[in-house]
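In what follows, a single structure is set out as structure tokens and then discussed.
Readers should treat all values here as calculations from the given coordinates under stated rules, not as data from a laboratory. As the structure is a computational prediction, the values presented were derived from the model and not from experiment. All Cβ positions, even for glycine, are placed from backbone atoms using ideal geometry, and neighbour counts span all protein chains on display.
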Amino acid sequence: MSPRYRRHPAATERRVGGSLFLAQPGRGSLYRLNETVAALWNLLATPVTREEAVTVFRQAFPRVTAARLEHDVAMMIDDLLEEDLIEADGT
């Protein structure tokens, strides 16, 4: 079974104009999300698997190949995990 991912409870977000910024207390970094990662962040308000995220992005971008979307979603999730902005859902 694939893990479900969710926003890290300590991560904070701020919208400034049309931009979304994330911070993880204690890390000393601020992250500005592009529109695609911001869409994934919104999706992660409830826990989702990588496969579920890909399905949503396939509906939003029907002309992009499944392989490309799978790769892009995996990269976005891996980046957010690396920065401790999301976590695997333990529930």
Express in whole angstrom the spacing between the alpha-carbon centres of the range 60-91 and the range 1-50. 11
Cβ-Cβ cut-off under 14 Å around R15, Lys and Arg +1, Asp and Glu -1: the net charge is 0
For the range 5-83, what is the charge dipole size about the Cα centre, in debye to the nearest 20, if Lys and Arg each add +1 at the Cβ and Asp and Glu each add -1 at the Cβ? 260
If you keep only loop residues by DSSP, which chymotrypsin sites (Phe, Trp or Tyr not before Pro) in the chain have at most 16 other Cβ atoms within 10 Å of their Cβ? none
Within the range 1-37, list the residues whose amide N lies under 15 Å from a label point set 7 Å along Cα→Cβ of A74. 2-3
Computed FRET value (nearest 0.05) for V16 with D84, which takes r as the C-beta separation and R₀ as 25 Å: 0.70
Trypsin sites (Lys or Arg not before Pro) restricted to the range 1-74 and DSSP loop, no more than 10 other C-beta within 10 Å: R63
Can you give the extra length, in nm with one decimal, that the chain gains between N42 and T65 once fully stretched, where that is 0.36 nm per residue apart less the Cα-Cα distance? 6.0 nm
Report, largest value first, the span of the C-alpha coordinates of the range 5-83 along each principal axis, in whole Å. 38, 25, 19
